[in-house]
Amino acid sequence: MCGILGQINFKKLSVNKNKFKEALNLQIHRGPDDSGVYIGKKFIFGHRRLSIIDLDSHAKQPMISNCGNYVLVFNGEIYNYQEIKYELLKKGYVFHTSSDTEVLLNSFIEYGIDCIQQFIGMFAFAIYDKNKDECYIVRDRLGIKPLYYTKDNNKFIFSSEIKSILKLDNKEKKINKKAISSYMSFRYPILNDTFFKGINSLAPAHYIKIKGTKVDIVEYWSVIDKFKEQKNDKGENYYINKIKELLESAVKYRMISDVPFGAFLSGGVDSSVVTALMAKNSKEKVKTFTIGFEEQGFNEFKYANMVASQYNTNHKEIVLSGKDYISTMEKLIKYKDAPLSVPNEVPLYIMSKELKRYITVVLSGEGSDEIFGGYGRIFRSPYDLERIQNIDNLDLTNDEKNELIKNFIKKYGVENFNNYIEHFMSIYSYTSFKDKQSLLDESMNLKSIEKKFVDKFMSYFNELENESYYNKLMYAFLKVHLVGLLHRVDTTTMAVSVEARVPFLDHRLVEFACTIPIKYKLKWKNEKSKEESKILMSDKISEVYDIPKYILKKSFENDLPKEVLYRKKMGFPVPLNKWFGGHFNEYAKSILLSKEAKERGIYNIENIERWLDSDKLSKEHSFAMKIWMLINIELFMKKYGL
């Protein structure tokens, strides 16, 4: 795992080499072990190295091919590099290292850009072909590794982190107001943009090809066709066996390392499954780590300990206080080059800092909820819309129909929705459009920005034109929700030079999960449960009358305690409302009601002041969450002088 930086000029390279090195070294936390720079006629590549596979200096980057024509910078891991190397050796390729970097380089020479179709891994890389005078810049299928870029009439700059682009590029920093609105609704900028005008994020499963002055962006992988296979139901046992096979393979691949490794173990289903598979495939004790808050009810130590005890792991608990939280929050924003997305980024960073004392690679459970239907209240919600739009044909008494309508209005605030997208925006937006209008200044142009978000999600829905609303919803989560979550994981681990690996996002498993019918992901407990749910809404149904992520839980029923597998989903709780309704309230006011904040033209200060004085702040997590997000925006603006 590493940090990369590069500049390609369309005519002749024009760059201050010392400034380039300074920009590269801003990523030293991503790669503290080594650094390198290569300068060509039209391009300059830089690399900061965190040694994971082949610790020898011969594996350093930028890496130049034996023929001298190709130059590569690479961040990530190709887990199946040994199998690919075996095939390349048969074709006569000579290797000077045992690294996956050299395998990637020679794969490109042999197969061209199509080499990426063979890779099982996570990656962001750039490769320059000097003879053809062209460059490919690639991001992995799911967006596990970040890749940012900016371009103008003379040059193209790419980087693992935005801070290096800001240092290298001479343009004035300007805030992207679309990103603020997107952040309040979806926790990060979803339009492949960033909080800085003119700096973009390359979408997952895409590559950029630069030839002369032409810059093309190409999609190279998609799961759209996989959903069609749900029509061919192969039965529960088939799906269970295949999940176990693919997930065990994914975990084993991610245990390949020349440095110590371990696992995040929250006590939830996903991290427990990963830990169980690691223990099964490890000769030594697996090192596991968990974190929680000192406030009662805000940790899952009990369940993490059950799994740690069952698999005899070397387990460590970390307890966090509110004081630690705020000071760390400000520091982490600087690593991320963005406001924090979710409150649990802070504990994840603190846990990563602690585990770095023992390991350099950590396996984590991200991605399981997206591919197996783990967000039960959201993924069950199409059932709400389905019934209300088909109410006349339902086998219900008039009283039951009236009760169903009443429950729908209570949950959604409306009697019906015109279409899927309206319903989706109501359930997926963390901050409603109405609340954004209340909290942000009228000059923010929220209506026209909101339309861009609706169009974005509509485009994803249209890609699955003939599929059910359930599948459209899960596809949107795969395309949008997952990317923000992965950015969080990358930031919190790489800030302390730890490499996070996510076995649930092995693309083979993701593709297979898309072929599994919905009934195996969200399963009714029994027919009686379905009958008892007929007038209830999804938030009352989920985990009471049905089992989200059923097929995954069933697959590992013999490997984990039922108490762990079938308990209610807890997420990663942070006691925001307790803090901001108490001694942190003054802190919130000092940030959001400051002279600087008032002069930005971003916030509706009058309404924010009203929110800060409201009783809801200490009683409702969602209310406190919006204040937390505003604090993050303001801390970010201050840190970057925007």
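The values are calculated or read from the model by the stated rules, or taken from the named source; none is laboratory data. Remember, it's a predicted structure, so these values are computed and weren't measured experimentally. Cβ atoms come from the backbone with ideal geometry, glycine included; neighbour counts cover every protein chain shown. Just so you know, the surface numbers come from the protein's heavy atoms only, side chains and all, with ligands and any DNA or RNA stripped out. Shrake-Rupley method; radii C 1.70, N 1.55, O 1.52, S 1.80 Å.
Largest accessible area first, the residues Ser468, Ser497, Ser327 order themselves as Ser327, Ser468, Ser497 under a 1.4 Å probe with ligands, DNA and RNA left out. For the chain, DSSP calls about 75 percent of its internal beta bridges antiparallel.
In loop segments of region 278-379 as defined by DSSP, the chymotrypsin sites (Phe, Trp or Tyr not before Pro) with at most 16 further C-beta atoms inside 10 Å of their C-beta are Phe298, Tyr358. Here the convex hull built on the C-alpha positions of region 496-642 has a volume of 226 cubic angstrom per residue. The trypsin sites (Lys or Arg not before Pro) of region 435-479 include none that meets both criteria, a DSSP state outside H, G, I, E and B (loop) and at most 11 other C-beta atoms within 10 angstrom of the site's C-beta.
Listed by chain and number, the aspartates and glutamates placed with their C-alpha closer than 14 angstrom to that of Lys528 are Asp546; residues fewer than eight positions away on the same chain are left out. Measuring only protein heavy atoms, the 1.4 Å probe finds Asp193 accessible over about 20 Å². Return the carbon/sulfur percentage of the accessible area of region 38-189, one whole number, probe 1.4 Å, all protein chains in place. The C+S portion of the solvent-accessible surface of region 38-189 is 46 percent. When the solvent-accessible area of region 258-405 is split by element, carbon and sulfur atoms take up 43 percent of it, the probe being 1.4 Å. Sites listed here are GluC sites (Glu not before Pro) in region 213-304 whose DSSP assignment is loop and whose Cβ has at most 10 other Cβ atoms within 10 Å: Glu284.
Computed over the Cα atoms of region 274-400, pair by distinct pair, the Kirkwood hydrodynamic radius stands at 18.2 angstrom. Of all beta bridges that DSSP places with both ends in region 148-252, some 100 percent have antiparallel geometry. Mean residue ellipticity, 222 nm, helices only, the chain: the sum of -39500 (n - 2.57) across DSSP H runs of n ≥ 4, divided by residue count and rounded to 500, is -12500 deg cm²/dmol. Rounded to the nearest 10 degrees, the inclination of helix 345-355 to the longest alpha-carbon principal axis of the chain is 50 degrees. The calculated FRET efficiency for Glu415 paired with Ser282, based on their beta-carbon distance and R0 = 45 Å, is about 0.20. Taking a sphere under 15 Å around the Cβ of Lys568 and counting the other residues whose Cβ falls inside, with K and R at +1 and D and E at -1, yields a net charge of +3. Here region 1-155 has an Rg and Dmax of 14.9, 44 Å, counting Cα atoms alone. Rounded to the nearest 20 debye, the dipole magnitude of region 277-379 is 440 debye, with +1 charges on Lys and Arg beta carbons, -1 on Asp and Glu beta carbons, and the Cα centre as origin. With all pairs of different C-alpha atoms in the average, the Kirkwood value for the hydrodynamic radius of region 362-454 is 15.9 Å. To the nearest 10 degrees, how steeply does helix 482-494 sit against the main Cα axis of the chain, on a 0 to 90 scale? That helix lies at roughly 60 degrees to the long axis. A 1.4 Å probe, protein heavy atoms only, puts the accessible area of His621 near 90 Å². Kirkwood hydrodynamic radius, the chain, all distinct C-alpha pairs: what's the number in Å? Evaluated on the chain, it is 25.9 Å. Of all accessible surface on region 504-637 at a 1.4 Å probe, what whole percent is carbon and sulfur? Taking all protein chains in place, region 504-637 shows 47 percent carbon and sulfur surface. Remark: the chain carries 40 Å² of accessible area per residue (probe radius 1.4 Å; ligands, DNA and RNA excluded). Anisotropy class assigned to region 211-284 is oblate, per the alpha carbon gyration tensor with a/c at or over the 1.5 cut-off and a/b no larger than b/c. For the chain, the longest principal axis of the C-alpha atoms and the axis of helix 269-280 are separated by about 50°.
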